[in-house]
There are 2 protein chains.
Amino acid sequence: MSDTVSPLAPRKQPRMPAVPGVRIATAQAGIKYKGRTDLLAMVFDEGTTVAGVFTRSKCPSAPVEFCRANLPGGSARILVVNSGNANAFTGKRGRETTAATAAAAGKATGCAESEVFLASTGVIGEPLDPARFAHLLDDLVDRAEPGMWAEAGKAIMTTDTYPKYATAKVLLGDVEVTINGIAKGAGMIAPDMATMLSFVATDAPIDAPVLQDMLSKGVGKTFNAVTVDSDTSTSDTLMLFATGAAETSGAPRISDPKDARLSQFRRALNRMLKNLALQVVRDGEGARKQVEVTVTGAKSARSAKRVALSIANSPLVKTAIAGEDANWGRVVMAVGKAGEPADRDLLAIWFGGIRVAHEGERDPAYSEAETSAYMKQDEIVIRVDLGLGRGKATVWTCDLTKEYVAINGDYRS
Amino acid sequence: MSDTVSPLAPRKQPRMPAVPGVRIATAQAGIKYKGRTDLLAMVFDEGTTVAGVFTRSKCPSAPVEFCRANLPGGSARILVVNSGNANAFTGKRGRETTAATAAAAGKATGCAESEVFLASTGVIGEPLDPARFAHLLDDLVDRAEPGMWAEAGKAIMTTDTYPKYATAKVLLGDVEVTINGIAKGAGMIAPDMATMLSFVATDAPIDAPVLQDMLSKGVGKTFNAVTVDSDTSTSDTLMLFATGAAETSGAPRISDPKDARLSQFRRALNRMLKNLALQVVRDGEGARKQVEVTVTGAKSARSAKRVALSIANSPLVKTAIAGEDANWGRVVMAVGKAGEPADRDLLAIWFGGIRVAHEGERDPAYSEAETSAYMKQDEIVIRVDLGLGRGKATVWTCDLTKEYVAINGDYRS
C-alpha cells in the first residue's frame, strides 16, 4: 500500500453486498507488513463450484501449482490468500508451505484438502513460513462473516494504492443473483494473466465446467488485454466461485454453457472482469494516465492484438504519454517492431478523435496545439488502422513515469 | 548531445588514424540542432565495396529502403548522414528526399546514384527538406580529408552523451590494414539491430559478397545482442566499406569468405562490432550500469538468447539493478515469462561470482551483504543456468533509471 493514492483511483467505491454462501475474515499475520491485514480467508458453503485461470509463466509459484492440481475437482470450500510473500521460487519448501497451509485450512473448514485454494502475493524467492499464519486459520473460519468484502479487498493489497472492488446484481432465470469481485495489482502486470490476484464469487448455481468456460472466454478481452510493464508474474491468479445458494430462492442450476438463461450473467461477469482489469491498470505503479490502444485493419484479430500490445508495452510510447507528448512517430516504431504484417504507407493513427497520421505521413490537417491539449487528459485513446484487413483488438495500459522507476528501483544504497 | 556525459563513458577516446581511400567532411546544416555539426559526408575512392545490415522493422525509414535497394550493386562512392531528423514515416515525401539527396551526392562525387548510401537519425514523422543540406554536398566533397574521423563521430550524435569510436590495425596477408568504426545510439535500441547507426571502413581489398558474409555473421553476438529499451528503431543501419587501397601496398584481394588470410581481419572486425555495440549500451539513455546477461544450460542457443533478452528487457529487472538491489526473484520472473523451456526447480542464478539461487530456491550460503556490495559496481554480470541442455547466449543491456523516463518523457506541459 502506498501513501499516495493514484490520481486515476475511482472517485467512489461501490458498497459491496454479501454473497449468500460466502463468509469472509481477515487477520494481521505480520508476514511482512505491520499495522495492516495480510491474511484473507474466504469460506464457501458446501456445493460451491470453482473455475480458475493462472499465469502462463514457466516458473509459476507453489500456490499456482497447488490450485492447478485441485481445479479439476471443481469444488471449493475455502480460499486462503496472504500478501507480503509470494511463495514463488521457494523450491521444495514452497510445496511444504502450501501442503501445511492446505492441511490447516482443510481442518479448520472441515473439508478435503482438494477443496482448498491458495494464493500468495509479494516478494519472490523468500521462503514463506506457514507457521506465521496457519495457526490463525481456525479463528478466521470461526469468525468469518458474509459482509466483509471491503476488508477482503484490503488484505490482498501489495503496492496497490487503493483496493479494487466490483459488484453486480443480475437475473438468472427470474431470480436475482449477486456477483462480487476483488482484485489487486500493481506491477509485474502483463498478459497472460494481467493481474496478480482477482477473486470473483456469486450465489448463482452454475456447474464448474460452465464456470470455467465463461471464465476462460472472459479473460481474452479483459484481464488478458491489459499490461502495465510487460512483466508477467509467477503468481497471477483469477478464480471464480459459485456457491449455488440462490438455488433455494428458485434460481435454475446451469449445466450447459449454451444455456440461454446464462446470457445476462455472462455479460455482467465480462463487464466485471473488464472493470477489475482496468482498475488494475489505473493503479499501475506510478501511473498517471490510462491508455487505450485499438488496432484495426489488421490481417487477423490475433495480429491486431500483437501490434496493440507492442504499442502498449513500448517504453518510448509510454514515456511520451507520461510527458503529454503526442509522439506518433514512436507509435509507428512500435507497429514496425511487432513483426506483424504492416505497410508503412497505409498506416493511419489517431490520438482521441484527432487523426495525426494518414497514408504513412503526418496528416495535412495536423495541429500541434490541438493534439497537445488532448494529451493533457487522464485517459488517452490511441487508434491505429493498418489498412490491411478486418482484424481488430483493444488493449489497455498506463503511462511510464519516474515514479514507476522509483517504486521498483528501491534506491536503497 | 547531452550536457552530462554517461558515467560509463570511455575514460579515453582512441586516436583515429586515416583509412586510405576514405575522405571525410562535416557541416552545420541546422536541420534541428544549433551550434553543432549535423551533416556527414564520407567519400570513398573508386572500387570501394560495401555491405550493410538494417533494421527488421516492418516500417523502415526512407533511407533504409534506399540503401537496401543500392546494396546489391556492392559499390560505394559516398555516404551521407544527417542527424536531427530520421526521415522516417514521411511517406512519398520521404522518398523524394532520398532521391534528391542521392542526385545531389552523385553529382558532387561524380558517381552513379546507385553508389550513394544515406542514413538519417532523429525525430520520426517530420518531413525532412533536402533543401536544408543538399546544396552543401558539393562543398563537403570538395573539402573532404582523410583525417576527420573524430568529427564524423560527433556529427551523427543525437541523444548520445559521447561519440563512439573504435580502431584497429591487422595483417591481411603480410600487409597491415586499418579498420575504423563510429557509432551512435542511444534510445530505441534493441535487436535487431541494436544501434541506430554505425559505419565501419577499411582499406582492405575485400569483395562485397565477402564483406556482407562477415558483417551478417558478425552482428549476431555483437549489435544484435544488445538492447537498451526493447524498442527497435525504424532507421537502424550498420554499414561496412572496404576501399581496397591497401592493394597497392601488396595486400591480397579477398574473394572467398573462407580465405584463411581473412581470419585475423574477421576477429578484429568482430571485436570492433562488439566494442561499438557495448559503447552504445553504456550510453543508453539514463544508463548508470552496464549489465551482461548470460544464459547457459538452455535447450538451444536460440532459446538461451530469448531467455537472456527477456531478462535484459524486463523493466522490473532493470529498475532493480538501477536500485542496486540483487532482486533475483525478478530474474526468475523474466525466465518464466520468456515462454522458453525452463524448469523452476533446476534454475541456478549468479550475480557476479555469487550464486544467489540453486535448485529453484535461495542459495543456502546467500549473503545479503556480500550481494549488495557487488550490486554497487558499474558493471553487473547476471548468469542463469537452466540445467536443461547446452544452449548458451550472452546479451548486454543497461539499467532503467528515472533519467531514462525524464529524457524520453519530455515533460513539456
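The values are calculated or read from the model by the stated rules, or taken from the named source; none is laboratory data. Keep in mind that what you see is a predicted model, and the values were worked out from it rather than measured. Cβ: placed from backbone, ideal geometry, glycine included. Neighbour counts: every protein chain shown.
Can you spot a residue in region B:30-47 that is buried (at least 24 other Cβ atoms within 10 Å of the Cβ), assigned by TED's automatic domain parsing to the domain that holds B:ALA208, among the aliphatic types (A, V, I, L, M) and over 21 Å from B:GLU151 (Cβ atoms)? Within region B:30-47 (the criterion being buried (at least 24 other Cβ atoms within 10 Å of the Cβ), assigned by TED's automatic domain parsing to the domain that holds B:ALA208, among the aliphatic types (A, V, I, L, M) and over 21 Å from B:GLU151 (Cβ atoms)), the answer is no, since none of the residues qualifies. On the basis of being among the hydrophobic types (A, V, I, L, M, F, W, C), assigned by TED's automatic domain parsing to the domain that holds A:THR202 and touching a Lys or Arg at 6+ places or on another chain (Cβ under 6 Å), does A:ALA62 make the cut? The answer is yes for A:ALA62.
Checked against the criteria, B:ALA365 counts as in a loop (DSSP other than H, G, I, E, B) and either within 11 Å of another protein chain (Cβ to nearest Cβ) or not β-branched (Val, Ile, Thr) (or both).
When residues in region B:34-58 are screened for being outside any strand (DSSP E or B) and more than 14 Å from chain A (Cβ to nearest Cβ), 9 of them pass.
Just checking, which of B:ARG302, B:ARG355, B:ARG288, B:ARG282 is charged (D, E, K, R), in contact with an Asp or Glu (Cβ under 8 Å, 6 or more places away or on another chain) and within 18 Å of B:SER230 (Cα to Cα)?
B:ARG288
For region B:12-30, which residues satisfy the criterion of being within 20 Å of the chain's Cα centre (by Cα) and farther than 23 Å from B:SER249 by Cβ? Scanning region B:12-30 gives B:LYS12, B:GLN13. Selection of region B:313-323 for residues being at the interface with chain A (Cβ under 7 Å from one of its Cβ atoms) and within 13 Å of B:ILE382 (Cα to Cα) yields only B:ALA320. At negative phi and in contact with a strand residue (DSSP E or B) (Cβ under 6 Å, 6 or more places away or on another chain), is that true of A:ILE78? Criteria met by A:ILE78.
Screening the candidates A:ILE354, A:ILE382 for the property of being surrounded by fewer than 22 Cβ atoms within 10 Å (Cβ to Cβ), among the β-branched types (Val, Ile, Thr) and more than 11 Å from every other protein chain (Cβ to nearest Cβ) yields one hit, A:ILE354.
Kindly indicate whether any position in region A:63-75 is closer than 17 Å to B:GLY329 by Cα, at pLDDT below 95 and within 14 Å of chain B (Cβ to nearest Cβ). Within region A:63-75, none of the residues are closer than 17 Å to B:GLY329 by Cα, at pLDDT below 95 and within 14 Å of chain B (Cβ to nearest Cβ).
Annotation: of all residues in region B:48-70 being without any contact (Cβ under 8 Å) to a residue 60 or more places away in the chain and under 17 Å from B:PRO209 (Cβ atoms), the one that is surrounded by the fewest Cβ atoms within 10 Å (Cβ to Cβ) is B:ARG68. Within region B:331-346, the set of residues being more than 7 Å from chain A (Cβ to nearest Cβ), more than 31 Å from the chain's Cα centre (by Cα) and surrounded by 17 or more Cβ atoms within 10 Å (Cβ to Cβ) is empty. Note on region A:76-104: among residues that are small (Gly, Ala, Ser), more than 14 Å from every other protein chain (Cβ to nearest Cβ) and within 22 Å of the chain's Cα centre (by Cα), the one that is nearest to A:GLU46 (Cα to Cα) is A:ALA76. Being at pLDDT 95 or above and polar (S, T, N, Q) is a property that A:ASN313 lacks.
Tell me yes or no: at least one residue of region A:203-216 is in a loop (DSSP other than H, G, I, E, B) and modelled with pLDDT under 95.
No, every residue in region A:203-216 fails to be in a loop (DSSP other than H, G, I, E, B) and modelled with pLDDT under 95.
Checking A:ILE31, A:ILE24 one by one, the residue that is β-branched (Val, Ile, Thr), in a loop (DSSP other than H, G, I, E, B) and more than 14 Å from chain B (Cβ to nearest Cβ) is A:ILE31 and no other.
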